[in-house]
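Asker: The following block contains the structure, expressed as structure tokens.
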Amino acid sequence: MDFQGSKIKKKIEAISTRISSIVIPIFQYVPCLSIWLGIMSVPLITYLTFFFQNPKILPTDYFFLFQNHGVYFIIFGFLLFVYSLIFQLTHRKQLIRSGPYKYMRHPQYLAFILMTFGMTLIVFQTTPVVEYNPFHLNGYTIILYTWVIEVLAYIILGKIEDIALKAKYGDKFLEYKNTVSFMFPTVKLKKKDFKHGIEK
């Protein structure tokens, strides 16, 4: 009976791993960023309408954009995402432990967090063209809450991915998990025996 139960358990784990391997990339590459873009699509369309009527405003917009610190978060996040994607595409069907995955287990989610954070900073320095406010909240508060929800969603996705990787790679993943941080890179200092001047 115990053997039969363990066999069923292994089948369930195998099925859940297969489902996760399909579902997680969908959430990863069609991320919660769509929520943010959905909220900001109306002012973006309005801006594009004004731009095509008067394209001379583009240099002024570039000047404003690069004065905002948010754009640098967007650029860094995008580069981190591309870097992570390259390693995912070139190291398929294996536990990736090199490149950005040497310092954190989910660099792709950190990349999305940085990009949406940069977009949020830019929004804070602009006036919404159209303000949709069904809950009688300040427009900027709604954007901030949206970003916080996105961050929580990426953390949950990272945890789900950890479960799938543990089911697939077992002790190999647990060793990796114990040595590499979850999403934000940390520097692990070597312990030093000051009495003998020897690093451990």
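Yes/no matrix, rows are residues, columns are (1) of a type in the set (Gly, Ala, Ser); (2) closer than 30 Å to TYR72 by Cβ; (3) modelled with pLDDT of 80 or more; (4) over 12 Å from the mean Cα position of the chain (by Cα):
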position: ILE113; (1), (2), (3), (4): no, yes, yes, no
position: THR116; (1), (2), (3), (4): no, yes, yes, no
position: TYR140; (1), (2), (3), (4): no, yes, no, yes
position: LYS159; (1), (2), (3), (4): no, yes, yes, yes
position: LEU165; (1), (2), (3), (4): no, no, yes, yes
position: PHE182; (1), (2), (3), (4): no, yes, yes, no
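Asker: Checking the conditions here, which among MET104, MET119, MET115 is surrounded by 17 or more Cβ atoms within 10 Å (Cβ to Cβ), in contact (Cβ under 8 Å) with a residue 40 or more places away in the chain and closer than 17 Å to PHE173 by Cβ?
Answerer: MET104
Asker: Among the candidates VAL71, VAL82, which residue alone is at pLDDT 65 or above, surrounded by 15 or more Cβ atoms within 10 Å (Cβ to Cβ), in a helix (DSSP H, G or I) and touching a helix residue (DSSP H, G or I) at 6+ places or on another chain (Cβ under 9 Å)?
Answerer: One residue alone meets the criteria, VAL71.
Asker: Please pick out the residue among TYR109, TYR145 that is hydroxyl-bearing (Ser, Thr, Tyr), at pLDDT 80 or above and either closer than 15 Å to PHE184 by Cβ or surrounded by 14 or more Cβ atoms within 10 Å (Cβ to Cβ) (or both).
Answerer: The conditions single out TYR109.
The values are calculated or read from the model by the stated rules, or taken from the named source; none is laboratory data. Just so it is clear, the model here is predicted, and its values are computed rather than measured. Heads up, the Cβs are rebuilt from the backbone with ideal geometry, glycines too, and the neighbour counts pull from every protein chain shown.
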